[in-house]
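S.K.: Handing you this structure, nothing more for now.
What follows draws every value from the coordinates through simple rules; no lab data is involved. This is a predicted model, so every value here is computed, not measured. Counting neighbours? That spans all protein chains shown, and the Cβs are built from the backbone with ideal geometry, glycine included.
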Amino acid sequence: MAKTNRREFLKKGAALGASSLVFGCGSEKRGETPAVQTNQKFRWKAVTTWQPHFPVMGEGVDALARWIDEMSGGRLQIQVYGGGELVPALSTFDAVSQGTAEMGHGASYYWAGKVPAAQFFTAVPFGMNAQQMNAWLYSAGGLKLWEELYAPFNLVPIPAGNTGMQMGGWFNREINTADDLKGLKMRIPGLGANVIKLAGGAPILTPGGEIYTNLERGVIDATEWIGPYHDYLQGFYRIAKHYYYPGWHEPGPVLELTVNKAKWESLPSDLQMIVRAAAARSNVWMLSEFEAKNNIYLRKLVEEEKVDVRKFPDPVLQTLKSYSDQAIDELTSKDPSSKRVYESFDKFRNQVGGWAEISEKVYYSFGAM
Ligand code: CA
């Protein structure tokens, strides 16, 4: 660094340091919020799309509330409501947007009917895995786009969970060719739903708590949910014949925390930082829970419950891949927000793809792990 540049750099650093002292520290966007630290107490409500205390996701939100309470010394206390306790499971977006609750937890693709571009922030079929999604959101502008997308709805989105790679789902019919997808009534959200529709199936969106009954009664022929650990807890092996992999539609879906924007702005900056820190911890915690337990439960499903676990035939996956491209083309050509978000997503995918090509892909292909 040239001497003058270095001097300028140091001067800027000093100026920043001084402003931190004046305004207090903690706010990621300096000046966004008055950083006056008060002892004002906040009592908030969080609504979720999950059943009350649902393993991993529900528990994770309970833990999030506990961590925030502890970190803030009781200044921000959050009462967590499961889906249906305060508002219906799939109404959390509206509830937080309107301020019925200050916070919500769920997945952004549930709001595809309202905000189509939101889907890209959960998962894209044949898209990026959990670590790549985090990299896009935290380090490559993805989160900023998400914030811009949600701002008109009076919402602040914060990543707060990930399931990791999912399974393809539970089917009561064999999928031997792409023709077997025709007429298939399947519970599947997000862009994966558009793909199933293009393949001639009938996608249905139901919250987690209603899937079992729908599958048992034949309202649906198939469902995707998460992976071995959670699917075991849901008991799908009792009512479905075949368990297919891979989860082509959800390679690393992000779970979201939403905060009512006006309420967010009313928080002192240190409490905002505490919420962000707790959400980041949730993000790691949920992903770790799934990663630690999926194989244990996969073995239980196979060895104890004799579940028929099968891979989708390659030609079926190829067909699903081409319908995925078509679904994204259709969406981005009619919705400018989707186009903008997908351009960022796709650019980043290409960027990390080159690295993955010579790092993890090669590593796994040689039987690592
Ligand atoms: Ca899923």
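S.K.: Provide the per-residue ³J(HN,Hα) series for segment 265-273, in order, calculated from phi with Karplus coefficients 6.51, -1.76, 1.60 and θ = phi - 60°, each as a whole number of Hz, with x at glycine and proline positions.
M.R.: 5, 7, 7, x, 4, 5, 5, 4, 5
S.K.: Starting with the fewest neighbours, write out 186, 133 ranked by other beta-carbon atoms found within 10 Å of each beta-carbon. Could you put the intermediate results ahead of the total?
M.R.: Values: 186 23, 133 27.
Fewest-to-most ranking of 186, 133: 186, 133.
S.K.: Continuing with this model, one more query. Among 242, 249, 53, 230, what is the fewest-to-most ranking by other Cβ atoms within 10 Å? All intermediate terms of the calculation are to be shown ahead of the outcome.
M.R.: Working: 242 17, 249 27, 53 13, 230 23.
Ranking 242, 249, 53, 230 by Cβ neighbours within 10 Å, fewest first, gives 53, 242, 230, 249.
S.K.: Which residue, 70, 216, 304, tops the fluctuation ranking in a GNM of the chain built on C-alpha contacts under 10 Å?
M.R.: Result: 304 has the largest fluctuation of those listed.
S.K.: Right, something else. For segment 49-63, in order, what is each residue's ³J(HN,Hα) by Karplus, 6.51 cos²θ - 1.76 cosθ + 1.60 with θ = phi - 60°, in whole Hz (x at glycine and Pro)?
M.R.: Calculated HN-Hα couplings, in order: 8, 9, 4, x, 6, 3, x, 6, 6, x, 4, x, 6, 4, 5 Hz.
S.K.: Same structure, new question: Report relative contact order for segment 108-186 in percent, whole number only (criteria: Cα-Cα under 8 Å, sequence separation at least 6).
M.R.: Working: 41 pairs, mean separation 14.8, N = 79.
Averaging sequence separation for qualifying contacts and normalising by length gives 19 percent for segment 108-186.
S.K.: Please tell me the relative contact order of the chain in percent, rounded to the nearest whole number, where contacts are Cα pairs under 8 Å and at least six residues apart.
M.R.: Working: 642 pairs, mean separation 85.1, N = 369.
Contact order relative to length: 23 percent.
S.K.: For the chain, just list the percent of Cα-Cα distances falling in each 10 Å bin from zero outward, please.
M.R.: 5, 22, 31, 24, 11, 4, 1, 0
S.K.: Among 54, 236, 42, whose mean-square fluctuation peaks in a Gaussian network model of the chain (Cα, cutoff 10 Å)?
M.R.: Judging by the Gaussian network model, the answer is 42.
S.K.: Taking the Cα atoms only, what angle lies between the long axis of helix 3-23 and the longest principal axis of the chain, rounded to 10 degrees?
M.R.: Result, in degrees: 90.
S.K.: Pairs to check: 144/263; 197/347; 114/144; 300/361; 144/321. Give those whose C-alpha atoms are more than 22 Å from each other in this structure.
M.R.: Details: 144/263 19 Å; 197/347 27 Å; 114/144 20 Å; 300/361 28 Å; 144/321 28 Å.
Correct reply: 197/347; 300/361; 144/321.
S.K.: If one computes the Cα centroid of segment 49-101 and of segment 177-225, what distance in Å separates the two points?
M.R.: Segment 49-101 and segment 177-225 have Cα centres separated by 28 Å.
S.K.: Between residue 204 and residues 5 or more places away or on another chain, which pairs have amide H atoms under 5 Å apart, with H built 1.01 Å from N, and which residues are they?
M.R.: Amide H neighbours of residue 204: 186, 187, 188.
S.K.: Hey, if you put +1 on the Cβ of every Lys and Arg and -1 on every Asp and Glu Cβ in segment 128-233, which of 169, 195, 230 ends up farthest toward the positive end of that dipole?
M.R.: 195
S.K.: Amide H of residue 227: which non-local residues (sequence gap of 5 or more, or other chain) have their own amide H closer than 5 Å, using H built in the peptide plane?
M.R.: Distant-sequence amide H within range of residue 227: 167.
S.K.: Amide H neighbours of residue 245 under 5 Å, at least 5 residues apart or on other chains, H built in the peptide plane: list them.
M.R.: Residues meeting the criterion, in which the H sits 1.01 Å from N, are 168, 310, 311, 312.
S.K.: Could you give each residue of segment 139-151 its phi-based ³J(HN,Hα) in whole Hz, using Karplus coefficients 6.51, -1.76, 1.60 with θ = phi - 60°, and x for Gly or Pro?
M.R.: The phi angles translate into 10, 9, x, x, 5, 5, 5, 5, 4, 5, 5, 8, 3 Hz.
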